[in-house]
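The values are calculated or read from the model by the stated rules, or taken from the named source; none is laboratory data. Just so it is clear, the structure is predicted and the values come from calculations on it, not from any experiment. Backbone-built Cβ (ideal geometry, glycine too); neighbour counts: all protein chains shown. With ligands, DNA and RNA removed, areas are computed over all heavy atoms of the protein, side chains included. Shrake-Rupley method; radii C 1.70, N 1.55, O 1.52, S 1.80 Å.
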Amino acid sequence: MLTPQERKRYERQIAIYGFGESGQEKLKKARVFVAGAGGLGSPVALYLVAAGIGTLRVADRDTVELSNLNRQVLHWQENIGQEKAASAAAKLKKLNPDIEIEATAEPITESNASRLVGDADAIVDAMDNLPTRYILNQTAIAQGIPFFHGAVQGFEGRAMTVLPGRSACLYCLYHGATLPPEKCPVIGVTPAVIGCIQATEVIKYITGLGELLTDRLLVYDALGMKFTELHVKRDPACPRCGNLKSE
Amino acid sequence: MSATIELSPVLASFTDNQLSVPVTGQTIGECLDELVKKLPNLKKLLLDKTGRLMHTYSIYINGESIYPLDMKRPVADGDKINIVFIVTGG
């Protein structure tokens, strides 16, 4: 049930055809785990909190550095040296005090990912490295939780939504390929676009609206200002999701 | 057969900003060979010592994944081949 203040706060989205108060109530009940509070995690968290997600759990092990500030808009000059998780939680709480914000600086590992994700309804991949993305993908599959992938480099970005057992997973997409960790060049507007796409997908999934970005890798080329859609097949031999029965 | 190879913009520094390359060939392998002849800087980046595509790339023809990659897969006239590099930043 929405309060009068919530009805007022969200009136412009409640007015969207098909959304309504029932859509807002679904958002209010939802719990979302955002892995990373950096370039992607900032817009994802900001727009989910603005939209009225009930609980947002954010995990980031890093501290804020000056070189983060071109893109990680949750963190400001005054936060340099602070944990990103705490910096993010403080801004998100100010943006929307009604939202339950849970922040942790615990690194995401194979052994704790399941606990950190907990009872989340969605896992958002806002990471900066492939190994942790694979861990999150595996956790999503093991727990049957939708997984919202995003990645960026330079002026280019990617997004794909994974419904375990129903659509291609991250391993189906990259087949376990790995890359050594590196500091990718990036300009802030790229993760802004991709993070907003991820947040949009989460909102669509929770409210049951629209068509999800499943089995499709969306490639964003900001310099050419074009989006390309590449069709990804679920791999029956995938060591991560191949054993799940198609739903 | 004439096809067009579309490259990921993250490769622009190796291709002098050329991201759309017309190639001819009967197979994916022949098209890749012609690509690296036209843009030699890509050879070490894309292909291993045996001439196979590195595992950090995926190929799509007309928007469809062709995994597992067969370098002898035929190419049709007008095909658009996307070579997609893994992007990991966040």
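For the chain pair B and A, buried accessible area totals roughly 2200 Å², probe 1.4 Å, rounded to the nearest 100.
Averaged over the residues of peptide A:87-99, the number of Cβ atoms from other protein chains lying within 10 Å of each residue's Cβ is 0.
For A:Glu102, nonlocal amide neighbours, meaning residues 5 or more places apart or on other chains whose placed amide H falls under 5 Å from its own, are A:Leu56, A:Arg57, A:Val58. Accessible area per residue for the protein assembly as shown is 46 Å², calculated with a 1.4 Å probe on protein heavy atoms, without ligands, DNA or RNA.
P(r) tail for segment A:55-113, what percent of Cα pairs lie past 12 Å? Above the 12 Å cut-off, segment A:55-113 has 65 percent of its Cα pairs. Estimated purely from DSSP H runs of n ≥ 4, each contributing -39500 (n - 2.57), the mean residue ellipticity at 222 nm for chain A is -10000 deg cm²/dmol once divided by its residues.
Restricting the calculation to Cα atoms, chain A yields a radius of gyration followed by a Dmax of 17.3, 51 Å. Net charge of the neighbourhood of A:Leu2, taken over other residues with C-beta under 15 Å away and scored Lys/Arg +1, Asp/Glu -1, is +2.
Of the solvent-accessible surface of segment A:139-206, computed with a 1.4 Å probe over protein heavy atoms with every protein chain present, carbon and sulfur atoms account for 62 percent.
With 40 Å² as the minimum drop in accessible area between chain alone and full protein complex (1.4 Å probe), the qualifying residues in segment A:172-197 are A:Tyr174, A:His175, A:Ala177, A:Leu179.
Need one word for chain B: rounded, prolate or oblate. Basis is the Cα gyration tensor (sqrt eigenvalues a ≥ b ≥ c); a/c below 1.5 gives rounded, then a/b vs b/c decides. Rounded shape, in that the Cα axes give a/c under 1.5. With R₀ set to 56 Å, the beta-carbon distance separating B:Lys37 from A:Glu11 gives a calculated FRET efficiency near 0.40.
Modelled this way, with points 7 Å down the Cα-to-C-beta line, the labels at A:Lys29 and B:Asp48 are 5.0 nm from one another.
Using the Cβ of A:Pro185 as centre and a radius below 13 Å, the other residues enclosed give a net charge of -1, where K and R count +1 and D and E count -1. Pairs A:Lys28/A:Lys183; A:Lys29/A:Lys226; A:Lys91/A:Lys204; A:Lys28/A:Lys84; A:Lys183/B:Lys80; A:Lys204/A:Lys233: which exceed 27 Å Cα-Cα? In this structure, A:Lys28/A:Lys183; A:Lys29/A:Lys226; A:Lys183/B:Lys80 lie more than 27 Å apart at Cα. A:His75 sits with roughly 10 Å² accessible to a 1.4 Å probe, with DNA, RNA and ligands left out of the calculation. Take each residue in A:231-238, count the other chain C-beta atoms within 10 Å of its C-beta, and the mean is 2. The accessible surface of segment B:2-85, taken with every protein chain in place and a 1.4 Å probe, is 52 percent carbon and sulfur.
Rounded to the nearest 0.05, the FRET efficiency derived from the C-beta distance between B:Gln18 and B:Asp77 at R0 = 25 Å is 0.70. Phi angles across segment A:55-67 convert, under the Karplus curve 6.51 cos²θ - 1.76 cosθ + 1.60 with θ = phi - 60°, into 3J(HN,Hα) values of 10, 10, 9, 10, 10, 7, 8, 8, 10, 6, 10, 4, 6 Hz, Gly and Pro given as x. Within the full protein context, the accessible area of A:Asp60 is estimated at about 20 Å² for a probe radius of 1.4 Å. This model, with +1 at the C-beta of Lys and Arg and -1 at the C-beta of Asp and Glu, gives the protein assembly as shown a dipole about its Cα centre of some 200 debye. The mean sequence separation of alpha-carbon pairs under 8 Å and at least six residues apart, normalised by the residue count of chain A, gives a relative contact order of 19 percent.
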